[in-house]
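K.L.:
Quick one: structure below, then a few questions.
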Amino acid sequence: MDTPPPAPRANIPEFVVSEIAGAIKRTLEENFGRVRVRGEITELKRYPSGHIYLSLKDEAAKLESVIWKTSVGRLSIKPENGIEVIATGRIGTYPDRSKYQLVIDRIEYAGEGALLARIEMLRKRLLEEGLFAPERKRRLPMLPQVIGVVTSERGAVIQDIRTTILRRFPRRILLWPVPVQGAGAAEQIAAAIRGFGRMAGALRPDVIIVARGGGSLEDLMAFNEEIVVRAAAESPIPLISAVGHETDTTLIDFASDRRAPTPTAAAEMAIPARADLLADLAQTQARLLQLGRAVLDRARRRLMLAERGLPDLPNILGAMRQRLEDRGERLALALPGLIDRKRATLGRLAPRLPHPREQIAARRATLALLDGRAGAAWHRLQARRQAAPPLARFAATPVQALVREKRARLEGLVARLEGVSYQSVLSRGFVLVQDAEGAPLTTAAAVPPGARLTLTFADAAVGATADGTKATPRRRGDPPAQETLL
């Protein structure tokens with residue numbers, strides 16, 4: 001039997017999967033060791049491990065990317081979906097899924113257009129939440145005792161603020177040093193604003209100034225971050241923003257209570273000038289003095305007009321005093337004269353008045369005469385009664401009939417009265433039993449043993465004492481006991 005010829009061998013080399021994956025990885029790393037890629041961030045996901053996975057895309061393609069946890073803290077900006085950035089890193093592969101990705105270690109905005117678009121998008125969102133509403137703005141204190149400043153401890157900003165405050169009106173300045181740009185600057189600025197708000201006691205600021213010098217849009221991005229804007233809007237202390245130059249506008253300017261074009265202007269806005277206050281006080285004092293003099297002049301004129309309408313009081317008092325003295329002298333002379341006149345009148349009338357003894361004798365004679373007349377009249381009345389006919393002759397007269405009717409009615413009333421009188425009941429053998437206070441006792445149970453009693457009969461009342469036995473109820477068939485009467 002013939003054996004088959006051996007199969008021809010191909011010229012293409014044979015690799016295992018790991019060899020192909022390693023070759024591709026080496027090729028990519030050799031040709032794309034470190035690259036800068038421009039694109040829009042999309043599909044951004046943050047994992048609990050700290051890694052960030054995202055994609056960079058343009059109009060024609062998409063590149064999957066990853067930011068390891070060790071590089072997240074060193075980023076200068078915070079990655080967000082929808083912003084255009086320039087990512088710096090190296091191309092790597094993921095053999096388990098046969099894909100390649102960009103390992104990012106640095107990220108920055110792709111020009112001012114991307115920054116402005118991101119800022120505008122955040123501004124609209126915070127505006128819809130009401131963080132920039134005018135009614136949230138508060139008045140600055142007139143003369144704050146402590147001024148809190150959030151800025152860098154180096155540079156001319158804090159020096160300008162300190163110099164301006166010392167020149168205008170020296171106040172205590174409390175500095176909270178923070179970085180004003182770079183990685184982590186936004187978080188520290190927000191922490192400083194909230195830290196001032198949590199302070200209490202004499203060191204608590206009355207107003208806060210958040211300041212920074214001029215710079216590019218990228219340099220001012222820390223003051224456009226959402227965490228800083230929310231901290232400024234939630235601050236319980238009035239806040240003044242002074243970021244950049246007069247033409248620079250950041251989102252913290254919309255959330256603050258007042259915006260100053262420069263840090264120096266912020267210090268002037270926070271504290272009034274001492275000279276201006278003294279001038280205002282002097283002007284107010286002058287106006288008060290002028291008004292006081294005007295009020296006194298008007299009162300003086302009214303008093304003068306009222307004085308003209310009043311009578312001459314000294315002359316009136318003098319005339320009244322003179323009249324009083326005259327009346328006093330006349331009264332001292334009039335009383336003795338009056339007594340003399342009355343005595344003379346009495347002397348003239350005394351001889352014509354009858355003596356009391358004569359009046360008494362005349363009254364006695366009049367009484368005797370009247371007594372005699374009364375006795376004679378009484379004798380005549382008795383004689384007339386004896387000569388009058390007996391009453392029996394007039395039995396049929398209406399007077400006698402009326403007398404009989406009244407007598408019958410009286411007898412009926414007497415009978416009814418005797419019927420309801422307890423005296424008639426006592427005459428039939430009943431007894432009225434009373435206690436020591438005179439209250440009637442109607443039941444045997446109401447009589448305690450040994451009690452003092454009063455027994456009232458028809459003719460008299462006698463005292464008695466109850467025996468020591470307890471009263472027993474009466475049964476049918478028992479002999480009748482002596483009843484009491486109410």
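K.L.:
Taking the residues in segment 232-275 that are part of a loop (DSSP other than H, G, I, E, B) and among the polar types (S, T, N, Q) as candidates, determine which candidate is surrounded by the most Cβ atoms within 10 Å (Cβ to Cβ).
P.N.:
For segment 232-275, the residue satisfying everything is Ser256.
K.L.:
Quick one: which of Ala202, Ala270, Ala231 is within 24 Å of Met121 (Cα to Cα), among the hydrophobic types (A, V, I, L, M, F, W, C) and within 41 Å of the chain's Cα centre (by Cα)?
P.N.:
Going through Ala202, Ala270, Ala231 in turn, the sole match is Ala231.
K.L.:
Taking the criterion of being among the acidic types (Asp, Glu) and modelled with pLDDT of 70 or more, would at least one residue in segment 455-464 satisfy it?
P.N.:
Yes, segment 455-464 contains a residue that is among the acidic types (Asp, Glu) and modelled with pLDDT of 70 or more.
K.L.:
On to the next question. Restricting attention to segment 11-69, report how many residues are assigned to a loop (DSSP other than H, G, I, E, B), over 60 Å from the mean Cα position of the chain (by Cα) and either surrounded by 14 or more Cβ atoms within 10 Å (Cβ to Cβ) or of a type in the set (A, V, I, L, M) (or both).
P.N.:
5
K.L.:
Scan segment 123-145 residue by residue and report those that are outside any loop (DSSP other than H, G, I, E, B) and either charged (D, E, K, R) or assigned by TED's automatic domain parsing to the domain that holds Arg259 (or both).
P.N.:
Those that are outside any loop (DSSP other than H, G, I, E, B) and either charged (D, E, K, R) or assigned by TED's automatic domain parsing to the domain that holds Arg259 (or both): Arg123, Lys124, Arg125, Glu128, Glu129, Glu135, Arg136.
K.L.:
Separate question: Show the residue pairs that are 6+ apart or on different chains and have beta-carbon atoms under 6 Å apart, the first residue being within segment 51-63 and outside the structural domain of Val37 (by TED's automatic domain parsing), the second being exposed (fewer than 13 other Cβ atoms within 10 Å of the Cβ) and not aromatic (Phe, Trp, Tyr).
P.N.:
Nothing qualifies.
This table checks each residue for (1) farther than 16 Å from Gly213 by Cα; (2) at pLDDT 90 or above; (3) assigned to a helix (DSSP H, G or I); (4) polar (S, T, N, Q).
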site: Met121; (1), (2), (3), (4): yes, no, yes, no
site: Val150; (1), (2), (3), (4): no, yes, no, no
site: Val157; (1), (2), (3), (4): no, yes, yes, no
site: Asp160; (1), (2), (3), (4): no, yes, yes, no
site: Leu174; (1), (2), (3), (4): yes, yes, no, no
site: Gln188; (1), (2), (3), (4): yes, yes, yes, yes
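K.L.:
Would you say Ser76 is in the same structural domain as Arg34 (by TED's automatic domain parsing), part of a helix (DSSP H, G or I) and surrounded by 12 or more Cβ atoms within 10 Å (Cβ to Cβ)?
P.N.:
In short, no.
K.L.:
Could I ask something else about it? Could you identify the single residue in Ala200, Ala192, Ala183 that is touching a residue at least 60 places away in the same chain (Cβ under 8 Å) and either part of a helix (DSSP H, G or I) or not aromatic (Phe, Trp, Tyr) (or both)?
P.N.:
Ala183
K.L.:
Please determine, by comparing only the residues of segment 426-452 that are in contact with an Asp or Glu (Cβ under 7 Å, 6 or more places away or on another chain) and among the aliphatic types (A, V, I, L, M), which one is farthest from Asp467 (Cα to Cα).
P.N.:
Leu441
K.L.:
In segment 6-21, which residue that is at pLDDT below 75 and aliphatic (A, V, I, L, M) is farthest from Lys99 (Cα to Cα)?
P.N.:
Residue satisfying both the conditions and the ranking: Ala7.
The values are calculated or read from the model by the stated rules, or taken from the named source; none is laboratory data. All of these numbers come straight from a predicted model, not from anything done at the bench. Using ideal geometry, Cβ is built from the backbone for each residue, glycine included, and neighbour counts are taken over all protein chains shown.
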